[in-house]
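To start, the structure itself, in structure tokens.
The values are calculated or read from the model by the stated rules, or taken from the named source; none is laboratory data. All values reported here derive from a predicted model rather than from experimental measurement. Using ideal geometry, Cβ is built from the backbone for each residue, glycine included, and neighbour counts are taken over all protein chains shown. Each accessible area value is taken on the protein alone, full model and side chains, heavy atoms only, with ligands, DNA and RNA left out. Shrake-Rupley method; radii C 1.70, N 1.55, O 1.52, S 1.80 Å.
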Amino acid sequence: MIVLSGGTGTPKLLQGLRKLIPDEEITVIVNTAEDIIVSGNLVSPDVDTVLYLFSGQLDDAKWWGIRNDTFHTHNALKKRGINEKLMIGDTDRATHIMRSELMRKGASLTQATAHISTTLGIRATVLPMCDEKVDTIITTPQGKMHFQDFWVGARGEHDVLDVKITGLEKANITKEVVEALASEDHVIIGPSNPITSIGPILALKGMRKLLSGKNVIAVSPIIGDAPVSGPAGKLMRAQGYPVSSKGVAECYRDILDTIIIDERDNADEKEFPVRAVKCDTMMTSVEKSEALARRAVELFKEL
């Protein structure tokens, strides 16, 4: 099973999927367009969330960082006048240092991620979407800013005028991603932000073509006219999509077979550009995550 992932909604789905499928049979292709350098080291937030999930360390109260991590280094830097853009735990920082040291010695992001996975005892395959640096840039009335400055620094409070992914012209799908897609026909697009989490993955040259022959199921992160969490509403609106599950289906319509929407969504399934199926998508427990994952697996059997 291949899963396209951002950093919050999709890991919740992965938590349930692991109850049904051995980790060895799961490959996760992860967004890297929100990566950022903090205090000299590369932070890959979405990749790290997936790594920590599979290694059993994820703080699933926040859905980022490591459970029971300390913040001594972050706080010490703050006292000395260094205000980091992200609040980074001490053990989490060790991951960033390891990644950055490996890359400074010539490893690609994919190779560094594989090495970290091995040291954490992870059996699933976690693949960055590409090795080149790409960035999500948000245009607001206050100016252009990196996604982390918009979402963490400004807490997503600014209006969004436009969204661009820079660096795509030099970015390439890795051979590891190509090989994974060549060996698997079932792909789940997780309930991550369709513009800034899944969008960059799909924007890579050739990615939509690779997915066009697959059985693709997406889980909508929108219920009614509002996202379950995060700034997806503002971002979808800025890109010309309606803030709705139907709008999510429009984002993926050229590669999508089925979209799972929440049972509380009053949208008419018959009006979707692809097949729409309703069930409970609010993953408020491991059991609910498993039930949603089970429904997705059942739908693949119907394709």
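Values computed for the structure shown
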read-out: Filtered residues of the stretch 173-190 (kept if touching a Gly at 6+ places or on another chain (Cβ under 9 Å) and either open to solvent by less than 20 Å² (accessible area, probe 1.4 Å) or in a helix (DSSP H, G or I) (or both)); value: Val178, Gly190
read-out: Residue within the stretch 69-85 that is among the charged types (D, E, K, R), within 21 Å of Val219 (Cα to Cα) and open to solvent by 60 Å² or more (accessible area, probe 1.4 Å) present; value: no
read-out: Hits in the stretch 259-271 - residues which are surrounded by fewer than 21 Cβ atoms within 10 Å (Cβ to Cβ) and not in a loop (DSSP other than H, G, I, E, B); value: Glu269, Lys270, Glu271
read-out: Among the residues listed as Val187, Val178, Val219, the single one being aliphatic (A, V, I, L, M) and either more than 19 Å from Asp257 (Cα to Cα) or in contact with a Phe, Trp or Tyr (Cβ under 8 Å, 6 or more places away or on another chain) (or both); value: Val178
read-out: Of the criteria (1) outside any loop (DSSP other than H, G, I, E, B); (2) small (Gly, Ala, Ser); (3) surrounded by fewer than 18 Cβ atoms within 10 Å (Cβ to Cβ), which one Gly16 fails; value: (3)
read-out: Single match in Val297, Val286, Val274 (criterion: of a type in the set (Val, Ile, Thr), open to solvent by less than 70 Å² (accessible area, probe 1.4 Å) and more than 22 Å from the chain's Cα centre (by Cα)); value: Val274
read-out: Within the stretch 54-160, helices (runs of 4 or more DSSP H) holding 2 or more residues that are in contact (Cβ under 8 Å) with a residue 12 or more places away in the chain and among the polar types (S, T, N, Q); value: 90-104, 109-119
read-out: Test result for Lys170, exposed (fewer than 15 other Cβ atoms within 10 Å of the Cβ), within 29 Å of Leu211 (Cα to Cα) and without any contact (Cβ under 8 Å) to a residue 24 or more places away in the chain; value: no
read-out: Unique residue being surrounded by fewer than 16 Cβ atoms within 10 Å (Cβ to Cβ) and either over 30 Å from Lys234 (Cβ atoms) or hydroxyl-bearing (Ser, Thr, Tyr) (or both) when the list is Thr113, Thr118, Thr139, Thr95; value: Thr118
